[in-house]
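Take a look at the structure below.
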Amino acid sequence: MTNMLEIRWHGRGGQGAKTAALLLAEAAAAAGKHVQAFPEYGPERMGAPVVSYNRISDTPITLHSAVLSPGYVAVLDPTFIGSIDFTAGMPENGALLVNTDTPALQLRERLGLQNDSIKVYTIDATGISEANIGRPIPNTSMLGAMVAVAQVMELDDLLQDTERRLEKKFHDRPRLIQGNLAAITQAYKEVECR
Amino acid sequence: MTESSQTKNLLKDHVIIDKAIEPNAGWRDLPIGAVIPKGGTSRQFTTGDWRTIRPVWSPEKCIHCHRCWLYCPDMCWVSEDKKIQGVDLTNCKGCGICANVCPTKVHAIEMHPEDTKTEHTAGED
Amino acid sequence: MALQEKLTKTAALTGNEAAAQAMRQIHPDVVAAYPITPQTEIVQLYSTFVNDGIVHTEYVAVESEHSALSATIGAAAAGARSMTATSSNGLAYMWEMLYIAAGLRLPIVMPVVNRALSGPINIHCDHSDTMGARDAGWIQIYSENAQEMYDNLIQAVRIAENPDIMLPVMVTMDGFIISHGMENVELLPDRAVEEFIGEYRYPYALLDIENPRTIGPLTLQDFYFEHKRAQADAVVKAKTVILKVGEEYGQLTDRSYELIESYRMEDAEYALVVLGSTAGTAKYVIDELRQDGEKYGLVKIRVCRPFPAVRLGEVLSRVTAVGVMDRADSFSGEGGPIFAEVRAALYGVSHRPHCINYIYGLGGRDIGPDLIRSAALDIKSLKDGSESDSLVRYLGVRE
């Protein structure tokens, strides 16, 4: 059970935090992992803060309770900084991944993280999405970055599974599929750690 | 959805269809779910004992218009060769519809209390 | 996400998606349903299958749950394999029809996504909805996860339609926790499900016009009692049928099912009795306690109607103390419904363990490993007489 990853995603209604967790679970399941993805349901409104979770493991997962101490936390929206405590419950050596164009070192200061017990990763997911997909929807870029940070699976496996699923959804829009795959790849490679 | 051969087997094995439902049947001998497994069973339920007044028919007044025959909810009026023969009271509840629909000028049907002797009641009472 | 693509052998599906897939493979003739959170997705997905021509089901969009089950009852009596689905207040609104479906012996299979009953209004999981319906005459099967929801639904068809049983079956999963949580689910090929469930066989189909019959007649002092006695007999016989179907399903999938699941009970001194998704979390706790050398085990009640009293008596008579976890209060003042029935099951055993009740998780309150561990350690301290202090304990409520 020690090899079980627990991830918490923070986003705003409409940004795809729930979808990111579902996409990650599907991709990891396709790569042979045991997975869970579940949102925390509250008032579902565009813009309202939403949280979703993943558990990913090599062995079956029987836990059906909330994720209280996630080793990995992803923040889809930089405007949360200062209003939500992303690090709540995070254990030592936890990793925080934030969608921002602020450099990681600067972000660490802004978040007031004194010690090095929590690693801070940054990625300009919105920028990458805009450049590759033409839309500021950061979830696939964040998915690529999170797979790199948490070492969930190989990039090729992620791309393969995502392509297969996007083909079903956007079979008439091949540029959208290629754009998403490029965003995942760029985010996977560029995620910065401090 | 229609009956397959499988269903027919099931009917044979598990379902009581042809057997009459006996008033004293035990729980094992009844069709499941209180289903009445065949049609026309209301014939077994005679409603004649509900009656407190009975239709009394005057054949000499009858013009054989068949309104009574048509309107009777229990099909009590007997007709042969387009002529009313009388009323079979086995299922007659004494509702009086026949007397009511009998044309006023004809007045061939009257309702009489059950405890009075009357004549001209066709059918076997 | 198009569901068609997920029809590989293993997939990541939410509980609702798994239930919808099971329904697609069962392929009922009629589905009549009304949406209610958290069940909505099941019937929404199913209506999509109908719209896309993936299934040839007659889908009846009704205006309430009372009508949903009424239409399902009518369709089942007409001779169609019929299903509906609901949650919480929707189930409550079906109330009188629940008894009619069971009393008429119509083999309807209904997924129920467990959600707390109002009020105060709440959309999250507890078992107050189905626990309240436990005496309605339906067979009740509780699922721990999305896989079990899928497996139980397929088995339910065979159980309901068995000629000796002919009873409706509700198959439950925990609202949101399972219904909206994505997990790995192994799906059978469509053909395998088709063969496993076989052809629908309702012997009194109203649409069989060559054999006219009456369904739902008036029975008074003369016959009602006999019909209820026969219904009670079918529930008893269901135990054998459920075991047989569970074993046969195991040959097909390597996942066999019984009335209860005993987890690490072989030499257990203390046991928890749980049903639903909490059983999974409790297994995690039992594993941890076992690592610490503590002899704990778990009994998961899968089938609640018929109630597996004899089996529970067998496995629990070997332990010192039992903690029964209820995700519903019965408001009898004497604890939850499962507690009352487990205690009754223990009355006849020669070695009667201590037995107390933990009511937990009402309205979706999270039940994590720490709370379950505290309950497990709590029952260890039970001694003669100590139960009377507080037979019923509320787990995770703010004092």
Radius of gyration and maximum dimension Dmax of the protein assembly as shown, Cα, Å
32.7, 118
I need the per residue convex hull volume for segment C:167-211, using only the alpha carbons, in cubic angstrom as a whole number.
138
As a Kirkwood estimate from alpha-carbon pairs, segment C:260-395 has a hydrodynamic radius in angstrom of 14.6
Summed residue charge, Cβ within 13 Å of A:Gly134's Cβ, Lys/Arg positive, Asp/Glu negative
+2
Helices from chain C with mean Kyte-Doolittle at least 0.0 and a Cα length along the axis of 18 Å or more, per DSSP H: which?
C:65-78
Please compute the modelled spin-label separation between A:Ile81 and B:Lys82, points set 7 Å along Cα→Cβ, answer in nm with one decimal.
10.4
For segment C:316-372, report the % of Cα-Cα distances exceeding 19 Å.
34
Residues in segment A:48-62 reached by a label modelled at C:Ile121 [backbone nitrogen below 19 Å; 7 Å Cα→Cβ]:
none
Binned at 10 Å from 0, what are the whole-percent values of the Cα-Cα distance distribution for segment A:44-113, short to long?
15, 47, 28, 10
Which values, in whole Å and largest first, are the semi-axes of the equivalent ellipsoid of segment A:5-193 obtained as the square root of 5 times each eigenvalue of the Cα gyration tensor?
24, 20, 16
Return the inverse of the average 1/r over all pairs of distinct C-alpha atoms in segment A:84-194, which is the Kirkwood hydrodynamic radius, in Å to one decimal.
14.6
Could I have the simple spin-label model distance between C:Arg229 and B:Lys38, label points 7 Å from Cα toward Cβ, reported in nm to one decimal?
2.5
Based only on Cα atoms, what mean projected area does the convex hull of segment C:168-277 have, in nm²?
12.4
Which pairs, out of A:Lys33/C:Lys300; B:Lys61/B:Lys82; A:Lys33/C:Lys9; B:Lys38/B:Lys93, put more than 20 Å between their alpha-carbon atoms?
A:Lys33/C:Lys300; B:Lys38/B:Lys93
For the modelled label position 7 Å from the Cα of C:His351 along Cα-to-Cβ, which residues of segment C:238-269 have backbone nitrogen atoms closer than 18 Å?
C:263-269
State which entries of A:Lys18/C:Lys283; B:Lys83/B:Lys105; A:Lys189/C:Lys283 exceed 30 angstrom in Cα-Cα distance in the structure shown.
A:Lys189/C:Lys283
The base-10 log of I(q)/I(0) that the Debye equation returns for chain C at q = 0.07, 0.12 Å⁻¹, one scatterer per C-alpha, is -0.31, -0.92
Taking every other residue with Cβ under 10 Å from the Cβ of C:Asn162 and scoring Lys and Arg +1, Asp and Glu -1, one gets +2
DSSP loop GluC sites (Glu not before Pro) in segment C:14-70 with at most 16 other Cβ atoms within 10 Å of their Cβ, which ones?
C:Glu63
Eigenvalues of the alpha-carbon gyration tensor of segment C:101-147, times 5 and square-rooted, give semi-axes in Å, largest first, of 22, 15, 8
How large are Rg and Dmax for segment B:46-113 when calculated on the C-alpha trace, in angstrom?
10.9, 33
In nm, what is the difference between 0.36 nm times the number of residues separating C:Val310 and C:Thr214 and their Cα-Cα distance?
30.8 nm
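Readers should treat all values here as calculations from the given coordinates under stated rules, not as data from a laboratory. Bear in mind that the values here come from a model prediction, so they are computed numbers and not experimental data. All Cβ positions, even for glycine, are placed from backbone atoms using ideal geometry, and neighbour counts span all protein chains on display.
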